[in-house]
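Step one of this worksheet: look at the structure below.
Laboratory data are not the source of any read-out in this text; all were calculated from the coordinates shown. This structure is a prediction, so every number in the text was calculated from the model and none was measured. Quick reminder, even Gly has a Cβ in these numbers, built from the backbone with ideal geometry, and neighbours come from all protein chains shown.
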């Protein structure tokens, strides 16, 4: 009965129970000699290769086997986790002699050796790029057969179920398996023949509505004649083990048959009327294989996954050709959406109403039309055609187009990309107009400025090739400022700094043509007046002053000499100097331009350095305690006449402030306080300092000298008395007169009751010691004697 549990098992069966990831394959055999190199044995040896292709979208699956429910698979499962090596089960093939199974090859196990490789995406069209994900991988199984000469063909077969459920061109594609096989015909056995080998892997994707051409040609080691044709794919294996229901009696219907079925094999049913063996991509897709070269071509109309089969027939080159066999390649081909990579584009002045690129050339003679067509790697040829003066044709085949026209006019042309390509999407054309206009010769001159910082006068000297009128002037004086520009024909400009500036003049004529010229303009006068940026007026010793040179015009190319009035000097443009002593200082500055222009001055009493107080204070006592929490702040400042103290906590909250030079304060807890002193000098200079203070916890200690453990409730126990807050690692020990330890405790509340080992100790003298770590982290210890009175 088909129970719910069985149904669920069927729905959840892992993908590697099926072969819908196996999407293609082909055989090849090579004759490698006689058994033991002895023709008398009558046994030929063949090396056989089976290429198996799998779909790897979503991480891939096993090439074969991979689960115990597959009777061909070992117990080892396929590992396809990221970062781990992919493994697969051995595969099995069967060899038939005619319709009889060759016993030693009834289920030949072929190991999975080595890894796998990616199958390249070959779109068969150089100007397209795939926009959908496709992925296939290849593994080649290799094995050796030893076969006697037979009057019947040998058939080498591999079968697997099932195909991909997304296949578009087959009827019930997900319900049928595949058979990959090759035959060694009797005539091929006698001729010690090798089968053909395809030159490249099969394509895995092509583009919808785009021409393609792909070489599926093969090579033959024996030099036989090869003929290509479309052929039909073959059905193989079954759906046993994939779901509920009784298993079929024949082993050929297993998921991966232990013994493949014999030749001949049933052809797939195409989804008619759109698909058939000659229209495997659908009617109208123009699918064709060249019978001589093996080139597969077409223009697919229908998207989706398709099964394609091509065959290459092998014929001897005898006067009467003999048929030696047929090699079938079956593969899965995705018809996908693609994007074109070719687009014609030129560097234009503008595009006219007809979509033509308009290119303006200002000036007769050589010119280059810049090609910006993409994608350059997809473009194999450029063809330029231009009707020059008098209708003379001009042409070129380079990417950019060079012309040399010396006559004014508008000339029509076109540029072809991949003109002779078989694929229409590879072709594109750009129509353009080239207008050749007379040019402009821009020029100007400037006045020379020496040591006096005068404006520079700019004079226009521009001319035109055909006397056309100049309609615009644009000057850039080269100092990278907003004011350093002008639209006047003959401007003047006062530079605000020294240097050599690259001035540019751009002129525009009545045709809209423009040209530019640049010339260096040296400008190294000396400033008329030396200026410094003003400051706050005075400083407090030690005083660091920044001297900012605001003289105009100067630059870093000038030489500077500074004398600061206290013996210090500098050659920097904007120096910094520290004055250590109070006083008023004259400052000297001399400036020399790169061409020797010199100016200097003395700034009288420019720097006013005043005496500074020194803030400082102390605490009495230096370490307030929980026993004596009061302390006094004592002033230790120098040169101060005004004071301001501010007390804050660790959060920055202000707790207290006073203008007194000294004051008293009490600590109320163990939190740290911060005290800031701000002092002022009569000169107006100030100084400040901040110090912290916190309560020092003192562990007060006293010890009785006697006790009377007589049970009257008074003085029955002995222990030290003290203030233990913040203390740690406490230890009390008591010895008798013979040096025997009779009591010890680490509890500050622990007390001796006068007994030892459960018996009363005798009256008399005893010794004790106490040790602990106080709240400041320091070790303290005490010792003494006591009297036990009975």
- Message: If you split all Cα-Cα distances of region 225-371 into 5 Å bins from zero, what percentages do you get per bin, shortest first?
- Response: 2, 7, 10, 11, 11, 10, 9, 8, 6, 5, 5, 4, 4, 3, 2, 1, 1, 0, 0
- Note on the structure: Label model pair residue 258, residue 174: point-to-point distance (7 angstrom along the Cα→beta-carbon line) in nm is 3.0
- Task: Treating each Cα of region 539-610 as an identical point scatterer and ignoring solvent, apply the Debye formula and state log10 I(q)/I(0) at q = 0.15, 0.17, 0.27 Å⁻¹.
- Result: -0.49, -0.61, -1.27
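Grab the Cα-Cα distance for residue 387 and residue 146, subtract it from 0.36 nm times how many residues apart they are, and report the gain in nm with one decimal.
Details: separation 241, 0.36 × 241 = 86.76 nm, distance 7.31 nm.
Difference between extended and current length: 79.4 nm.
Place the peptides 648-661, 101-114, 277-290 in order of packing, highest mean first, counting for every residue the other Cβ atoms within 10 Å and averaging per peptide.
Working: 648-661: 11.2, 101-114: 14.6, 277-290: 17.6.
Highest to lowest by the protection proxy: 277-290, 101-114, 648-661.
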- Could you order peptides 764-774, 312-322, 31-41 by the average number of other Cβ atoms within 10 Å of their residues, highest first? 764-774, 312-322, 31-41
- Query: Which length gain, in nm to one decimal place, applies between residue 656 and residue 452 when the Cα-Cα distance is subtracted from 0.36 nm times their residue separation?
  - Reply: 67.0 nm
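How much FRET efficiency would the formula 1/(1 + (r/R0)^6) give for residue 110 and residue 166, where r is the Cβ-Cβ distance and R0 is 30 Å, rounded to 0.05?
Working: r = 29 Å, r/R0 = 0.96.
E between residue 110 and residue 166, to the nearest 0.05, is 0.55.
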- Task: Give the Debye-formula value of log10 I(q)/I(0) at each listed q (0.17, 0.18, 0.24 Å⁻¹), with one equal scatterer per alpha carbon of region 325-377, two decimals each.
- Result: -0.76, -0.81, -1.03
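When a/c is below 1.5 the answer is rounded, else prolate if a/b is larger than b/c, else oblate, so apply that to region 14-338 with a ≥ b ≥ c taken from the square roots of the Cα gyration tensor eigenvalues. Mind dumping the intermediate values first?
Working: a/c = 1.62, a/b = 1.13, b/c = 1.44.
The shape class here is oblate.
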- With an 8 Å cut-off on Cα pairs and a minimum separation of 6 or more residues, tell me the relative contact order of the chain in percent. 7
- Per q in 0.05 1/Å, what log10 I(q)/I(0) does a Debye calculation on the alpha-carbon atoms of the chain return? -0.76
- Query: Dimensions of region 701-788 along principal axes (Cα, Å, largest first)?
  - Reply: 39, 29, 21
- Query: Can you work out the FRET efficiency for the pair residue 424 and residue 471, with r the C-beta to C-beta distance and R0 = 45 Å, to the nearest 0.05?
  - Reply: 0.45
- Label-point separation in nm, residue 500 to residue 133, each point 7 Å along Cα→Cβ: 6.1
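If I take all pairs of Cα atoms in region 523-655, what percentage of them are more than 20 Å from each other?
Values: 5379 of 8778 pairs.
Percent of Cα pairs beyond 20 Å in region 523-655: 61.
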- Message: Which residues does the label zone of residue 41 cover in region 109-132, counting backbone N under 16 Å from a point 7 Å along Cα→Cβ?
- Response: none
- Message: Once you keep just the Cα pairs under 8 angstrom separated by 6 or more residues, what percentage relative contact order results for region 341-437?
- Response: 35
- Item | Directionally averaged projected area (convex hull, Cα atoms, region 617-693), nm² | 4.9
- Query: Given R₀ = 41 Å, FRET efficiency for residue 407-residue 492 by Cβ-Cβ distance, to 0.05?
  - Reply: 0.50
- Query: Which of the peptides 216-222, 502-508, 751-757, 466-472 is most tightly packed, and how do the rest follow, judged by the mean count of other Cβ atoms within 10 Å per residue?
  - Reply: 502-508, 216-222, 751-757, 466-472
- Relative frequency of Cα-Cα separations exceeding 18 Å in region 341-437, percent: 43
- Message: From the mean inverse distance of alpha carbon pairs (Kirkwood) and the Cα radius of gyration, derive Rg over Rh for region 449-548.
- Response: 1.22
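Hey, any idea what Rg/Rh is for region 716-755, computing Rh the Kirkwood way over Cα pairs?
Details: Rg = 11.2 Å, Rh = 11.3 Å.
Ratio of gyration radius to Kirkwood radius: 1.00.
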- Task: With an 8 Å cut-off on Cα pairs and a minimum separation of 6 or more residues, tell me the relative contact order of region 539-610 in percent.
- Result: 37
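Under the 0.36 nm per residue contour assumption, what length would be gained going from the current alpha-carbon distance of residue 767 and residue 277 to full extension? Provide the component values of the computation, followed by the final result.
Numbers: separation 490, 0.36 × 490 = 176.40 nm, distance 11.54 nm.
Here the answer is 164.9 nm.
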- Query: 222 nm [θ] for the chain, helices only, -39500 (n - 2.57) per DSSP H run of 4+, per residue, to 500?
  - Reply: -500 deg cm²/dmol
